[in-house]
1. From Ser332, Ser295, grab the single residue that is over 23 Å from Ala398 (Cα atoms), of a type in the set (S, T, N, Q) and either in contact (Cβ under 8 Å) with a residue 40 or more places away in the chain or in contact with a helix residue (DSSP H, G or I) (Cβ under 8 Å, 6 or more places away or on another chain) (or both).
2. I'd like the residue in region 130-147 that is among the aliphatic types (A, V, I, L, M) and part of a loop (DSSP other than H, G, I, E, B) and, out of all such residues, is farthest from Asp192 (Cα to Cα).
3. If I filter region 461-472 for residues that are surrounded by 15 or more Cβ atoms within 10 Å (Cβ to Cβ) and either on the phi > 0 side of the Ramachandran plot or under 16 Å from the mean Cα position of the chain (by Cα) (or both), do I get at least one hit?
4. What residue, of Leu326, Leu336, is part of a strand (DSSP E or B) and either closer than 13 Å to Leu356 by Cβ or in contact with a strand residue (DSSP E or B) (Cβ under 9 Å, 6 or more places away or on another chain) (or both)?
5. Within region 93-137, take every residue that is on the phi > 0 side of the Ramachandran plot and not charged (D, E, K, R) and give me the one that is surrounded by the fewest Cβ atoms within 10 Å (Cβ to Cβ).
6. Go through (1) at pLDDT below 95; (2) over 23 Å from Pro141 (Cα atoms); (3) of a type outside the set (Phe, Trp, Tyr) and name the single condition Leu60 misses.
7. So which of Gly91, Gly67 is touching a His at 6+ places or on another chain (Cβ under 9 Å) and either of a type in the set (Gly, Ala, Ser) or touching a residue at least 60 places away in the same chain (Cβ under 8 Å) (or both)?
8. Given the structure, is Lys204 in a loop (DSSP other than H, G, I, E, B), within 21 Å of Thr150 (Cβ to Cβ) and charged (D, E, K, R)?
Amino acid sequence: MSGCSNLVVLWLMNNKLSGEIPEELGSMLKLQEFGLGGNNLTGSMPSFIGNFSSLKELYLTQNNLGGSIPQVLGHLTNLQVIDIASNILSGTIPSSLLNLSSLVVFEAEENHIEGTLPATIGLKLPNLESFSISSNQLEGPIPPSLSNCTKLGWLLLNDNRFSGKVPFLEKLYKLSRFLVGYNQLGSGKPEDLSFLCSLTNSTKLEFVGGGYNKFGGVLPKCIRNLSTTLTVFALRKNQISGEIPKEMGNFIKLRYLLMGYNQLSGVIPSNLDTLQDVGMLQLNDNNLGGTIPSSLGNLTKLISLYLAGNHFHGQIPSHLSNCQSLNLLDLSNNNLSGTIPPQLIGLSSLVIILNLSWNHLTGDLPIEVGNLRALTALDISNNLLEGEIPTDLRDCTALTSMRMGGNLFHGFIPQSIVSLRGIEELDLSRNNLSGQILAFLAEFRFLKLLNLSYNNFEGMLPREGVFKNVTGASIIGNNKLCGGLPEFHLPNCISKSSKSRERNIVILSASIIFGVFGIAFIYLCWSKKKVNEPISNSRNDSHPNMSYGALLKATDGFSSMNLIGVGSFGSVYRGILEDNGIVVAVKVLHLVHHGALKSFFVECEAFKNIRHRFLLKILAVCSGSDYQGNDFKALVYQFMENGSLERWLHPNAASSLGNKLPRNLNFIQRINIAIDVAFALDYLHHQCHIPIVHCDLKPINILLDAEMVAHVGDFGLMKFLLGSSIDTVANQMSSMGLRGTIGYVPLGTLSLSLSLSLSPPMKL
């Protein structure tokens with residue numbers, strides 16, 4: 001190529017060229033445009049470029065060129081454009097280069113250039129339109145002479161070490177981008193921001209960036225005269241005080257308002273809703289107070305809202321749910337109270353962060369949280385939230401961080417969170433959670449931090465996964481845990497046989513004594529009242545009453561490995577009876593839950609009055625106390641080998657039958673299941689001596705045996721209907737109150753069952 005001595009333009013931009021720039025190219029003395037940018041070139045900038053006396057444009061950007069900028073470039077009296085950005089150049093900018101009056105564009109950002117700018121730079125470069133030296137190591141003051149570059153459109157000095165005051169630049173009439181952020185400008189004094197007034201002459205101003213400096217004082221009133229074309233106003237991480245001027249509402253084209261990490265006070269002006277194009281509003285870590293204005297809900301293009309670290313009080317405005325493009329919301333570290341608006345926490349556009357931590361929020365976590373299917377991080381820690389952890393969190397499959405510690409949540413960890421396979425951080429500490437630690441948490445291969453401390457968990461601690469690292473799992477403050485790695489310093493788990501041997505001796509002795517008196521007392525009561533009791537029509541008025549110890553042994557201590565389902569009122573475990581080896585399903589009632597005890601008695605009453613081959617068969621009941629003296633009630637059912645219909649209709653859900661996922665149902669199987677359910681409902685509605693309405697018919701309450709025969713179960717919400725006429729039934733149903741699963745819509749299979757069972761046909 002060196003033989004092309006008459007070449008005027010050599011343009012090899014944006015390729016994959018490597019190696020050094022050949023010295024032989026120095027023979028191309030007629031070059032006017034020399035472009036080698038966007039390659040992988042190494043070495044230094046060749047000094048022979050200083051011999052290209054006709055050169056007007058030089059592009060060496062985005063390479064790996066090192067060394068210093070050659071002094072000889074100052075000889076190129078026709079040079080208009082020099083772009084050497086994004087290299088590893090060092091040293092200072094040759095003063096001769098900054099004396100070229102022909103320069104229009106000088107771009108040298110993202111290098112390691114040091115030194116200072118000459119005080120006369122603005123006097124030597126009258127034609128300069130773009131001056132970009134950001135992301136270097138330049139220091140000293142910004143020369144006031146830059147104000148003489150009246151054609152300057154871009155002045156990018158950010159990310160250096162400039163210090164002192166920002167000079168008045170009142171002559172930069174064409175300035176559109178002015179960036180001086182990430183320096184050491186200002187001194188924390190009131191006059192630091194006075195330079196903004198000089199920018200009011202720049203009628204085309206779009207970008208103003210001065211964040212991460214030392215600017216003090218208040219925002220001057222003159223900012224009302226800044227150009228209405230302003231799209232970015234960034235002064236975050238300074239020492240700015242005072243109130244947010246209402247005049248900020250004049251910048252109707254503003255897209256970024258970044259004023260976080262300052263000392264702003266007062267309230268958010270209500271007229272900020274005029275900023276209809278704003279996408280990022282950052283006012284976090286100031287001293288702002290009052291309530292969050294509901295008018296922010298009018299910012300429909302808002303993508304990120306940062307209001308954390310202030311003194312906002314009152315409720316979270318539900319109007320924020322109107323921001324349908326919101327990806328990130330941070331309201332943490334305020335004094336907010338009240339409940340979480342369901343409309344807001346169900347905003348499906350939230351995909352990055354939802355942070356409501358360190359407030360005074362109360363009530364339940366709304367089930368609408370399940371709408372956050374694409375959310376990456378959820379933090380509601382350190383509030384006053386209560387109730388159970390919603391099972392709907394299973395739909396938030398994109399979560400990598402979930403912090404819920406420091407609240408009043410109770411109950412069990414829902415089995416449904418098994419679907420959060422990508423979780424990396426899970427904090428449930430400092431709540432009132434109980435039960436056993438779910439074994440599947442040890443199977444989360446991405447889980448690095450798990451905090452379950454200061455709850456009421458019990459049973460054996462797993463030894464795999466995150467539980468193999470004592471620094472990754474925190475379980476302190478759970479006094480009923482045992483086992484685990486020695487580093488956790490937990491007591492050994494006592495086997496059931498050795499633990500209960502001495503206890504059984506005491507219980508047996510006491511049982512013999514109290515049993516005699518008990519039988520006598522029961523007999524006396526029975527003899528007096530039996531004559532007045534109606535005779536039951538059921539063929540089997542009672543079921544064997546099994547002991548707590550028998551069920552404890554059958555389910556291996558109600559181990560989480562045997563847990564096959566969790567409902568509103570209880571947990572269901574797979575068990576093997578020691579006496580006969582029969583596999584059963586044991587439903588243990590959560591008596592602390594409102595309605596659980598009533599559900600137990602209702603279900604016992606139901607099974608005492610009904611019997612049908614398509615209804616789930618109850619084998620025994622347990623009504624007594626556990627070894628700690630707490631009330632204990634359980635129902636023992638026939639075990640259904642193929643689980644619930646829910647698992648078959650939704651094969652993506654985790655199966656309750658080991659680790660296997662159920663197969664899909666074929667058409668014949670679906671029809672047969674629908675017919676089985678229809679027969680069961682027909683029996684309940686028309687063939688019982690007292691008609692029964694199930695009130696909670698759904699796929700999870702339909703169980704399938706080994707032959708895929710359907711059995712209807714869970715009669716905890718059922719209703720007896722006195723009388724059999726249509727009018728009586730209607731009246732009874734109208735007075736039932738709200739029962740069943742709120743918001744549930746029967747799937748096709750159940751709809752068919754209902755339609756088959758209703759006689760005469762009714763419109764639903």
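The values are calculated or read from the model by the stated rules, or taken from the named source; none is laboratory data. Since we're looking at a predicted model, the values are computed, not measured. All Cβ positions, even for glycine, are placed from backbone atoms using ideal geometry, and neighbour counts span all protein chains on display.
1. Values: Ser332 fails: over 23 Å from Ala398 (Cα atoms).
Sole residue among the options that is over 23 Å from Ala398 (Cα atoms), of a type in the set (S, T, N, Q) and either in contact (Cβ under 8 Å) with a residue 40 or more places away in the chain or in contact with a helix residue (DSSP H, G or I) (Cβ under 8 Å, 6 or more places away or on another chain) (or both): Ser295.
2. Start the filter on region 130-147 by keeping residues that are among the aliphatic types (A, V, I, L, M), which leaves 133, 138, 142, 146.
Filter again for part of a loop (DSSP other than H, G, I, E, B), leaving 133, 142.
Details: Ile133: 23, Ile142: 14 Å.
Going through the qualifying residues, I end up with Ile133.
3. yes
4. Numbers: Leu326 fails: part of a strand (DSSP E or B).
Only one candidate passes the filter, namely Leu336.
5. As a first pass, look at region 93-137 and keep what is on the phi > 0 side of the Ramachandran plot: 110, 115, 135.
If we keep only those that are not charged (D, E, K, R) too, we end up with 115, 135.
Working: Gly115: 14, Ser135: 19.
Going through the qualifying residues, I end up with Gly115.
6. Unmet for Leu60, out of (1) at pLDDT below 95; (2) over 23 Å from Pro141 (Cα atoms); (3) of a type outside the set (Phe, Trp, Tyr): (1).
7. Unique residue meeting the criteria: Gly91.
8. On the way: in a loop (DSSP other than H, G, I, E, B): yes; within 21 Å of Thr150 (Cβ to Cβ): yes; charged (D, E, K, R): yes.
It is true that Lys204 is in a loop (DSSP other than H, G, I, E, B), within 21 Å of Thr150 (Cβ to Cβ) and charged (D, E, K, R).
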